[in-house]
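Asks: Below is the structure I would like to discuss, written out as C-alpha cells.
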Amino acid sequence: MIAIVGVGLIGASFALAVRKAGYSGRIVGVSSPAAIQAGIERGAIDEDLPLAQAAARADLVYLAQPIERILATIEEIDQYVRPGTLITDAGSTKRAIVERATQYIRRGRFVGGHPMAGKESRGAESADADLFRGRPYVLTSADAEIEAWIAKIGARIVRMDAEEHDRRVAAVSHLPQLLSTTLALMLDDSAAVAGPAALDMTRLALSSYDIWRDILATNRTQIDGALARYIEKLQTIRAELPDLHEDFARALKAAQRLRESS
C-alpha cells in the first residue's frame, strides 16, 4: 500500500503516475477533507486514513505537504511505520528536511526527494499522471526502491546532497520566482501596453505565497546569495548599456544549454 500524505497537486500526481505505471495496490490519502474528496474524485486515492493507520500499513509513505508540515510529520511518523518502510518527500528545499529526518527517523528509512515539476494551479483537481515525465527528480541518497518508482513514472533521477540541492534550486527556481514577482509589481501600472514578454516573465508571479512561505524560510541563506549575484550582474549590465552584444551572445548559449538539458 502507498500512503500519500498531502493530497495536493504533487501528491495526487504521484499517485496517478504510479497507477499509470502499473501499480494496482491501494493508495490512501492523509490530508484535509476537501483534499481527500478531490483526490478520490480525481482517481488518485482510494480512501483516507489517519496518519498513524496509513503509516502502519504502507510500504511507501510519500510526504507531499508544505515544508513546515513535512518537518512536523517527520517528527511523528517513525513511531507508526514498520521497520524498513520507505519514507520519501517532495519538498522544494532539502537541507532542513534531511536534517530533521536524520534526527527522527529510526525505524523507517528516509530518502529526500524533489521532483522538478509543477504548475501554477494547486490541488488534486489539477493532478496529472504525466507531470513528472521527462523532468529531473532529485534524490539526496541512493535507494533502489524509490529509484525504481521514479524510473517507472518517467522522471530523470538526479542525485545530489541536500546542501548542493538547495544552492542550485535557489538559482534555477527560487530566484526566478522572486524576479517574476518583483517584475509584476513594477509593471502593475503598465498593463495597458503589456505584451507577450511581460506575460511570459510574470507567469510565476501567479504562484501562491502559501506555497512559497516555507521555501523562502528554509532556504533563506542560499536565496540571499543568489539575489546578491543577480543584483551584481544587473549592475554590470546597467553600467555597460547599451553595448551588450557579448552579454546577449553568452546568454543565448546559456539559454540553449538550459533547454537542451531540461
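Asks: As I understand it, the value is the acute angle between the Cα axis of helix 245-261 and the longest principal axis of the Cα atoms of the chain; what does it come to in degrees, rounded to 10?
Replies: On a 0 to 90 degree scale, this one is about 20.
Asks: Give me the aspartates and glutamates in straight-line cross-link reach of K233: C-alpha distance below 13 Å, same-chain residues under 8 apart excluded.
Replies: The reachable aspartates and glutamates, counting only those whose Cα sits under 13 Å from K233, are D247.
Asks: Kindly provide the helix-only [θ] at 222 nm of the chain, computed as the sum of -39,500 (n - 2.57) over DSSP H runs of four or more divided by all residues, to the nearest 500 deg cm²/dmol?
Replies: When only DSSP H runs of four or more count, the value is -15500 deg cm²/dmol.
Asks: So if the hydrodynamic radius of the stretch 100-212 is defined as the Kirkwood radius over C-alpha pairs, what does Stokes-Einstein give as its diffusion coefficient at 20 °C and 1.002 mPa s, in µm² per second?
Replies: Values: Rh = 16.6 Å.
Rounded to a whole number, D works out at 129 µm²/s.
Asks: For the stretch 207-262 and the stretch 72-118, write down the distance between their C-alpha centroids in whole Å.
Replies: Going from one Cα centre to the other spans 30 Å.
Asks: While we're looking at this one, here's another question. Kirkwood Rh over alpha-carbon pairs of the stretch 163-261, then Stokes-Einstein at 37 °C and 0.692 mPa s: what D in µm² s⁻¹, rounded to an integer? Let's see the in-between values first.
Replies: Details: Rh = 15.3 Å.
The Stokes-Einstein estimate is 215 µm²/s.
Asks: Order 244-252, 203-211, 218-226, 155-163 from most to least packed using the mean count of other Cβ atoms within 10 Å.
Replies: Answer by packing, highest mean first, reads 218-226, 155-163, 203-211, 244-252.
Asks: Then there is this: Packing-wise, with mean Cβ within 10 Å as the measure, how do 76-82, 63-69 rank, highest first?
Replies: 63-69, 76-82
Asks: Show me the three semi-axes of the equivalent ellipsoid for the stretch 1-121, from the C-alpha gyration tensor (sqrt of 5 times each eigenvalue), largest first, rounded to whole Å.
Replies: 21, 16, 13
Asks: If you line up the long axis of helix 9-20 against the longest principal axis of the chain, both from Cα atoms, how many degrees apart are they, to the nearest 10?
Replies: It works out to around 60 degrees.
Asks: Can you tell me the length gained on complete extension of the stretch M1 to T102, counting 0.36 nm per residue apart and subtracting the Cα distance? Write out the running numbers ahead of the final one.
Replies: Details: separation 101, 0.36 × 101 = 36.36 nm, distance 2.43 nm.
Once the chain is fully extended between M1 and T102, it gains 33.9 nm.
Asks: Starting at 0 and stepping by 10 Å, how many percent of the alpha carbon pairs of the chain end up in each bin?
Replies: Final binned percentages: 7, 27, 34, 19, 9, 3, 0.
Only the coordinates and a few stated rules stand behind these numbers; no lab work does. The model shown is predicted, which means the values in this text are computed figures rather than measured ones. Positions of Cβ are backbone-derived with ideal geometry, glycine not excepted, and every protein chain shown enters the neighbour counts.
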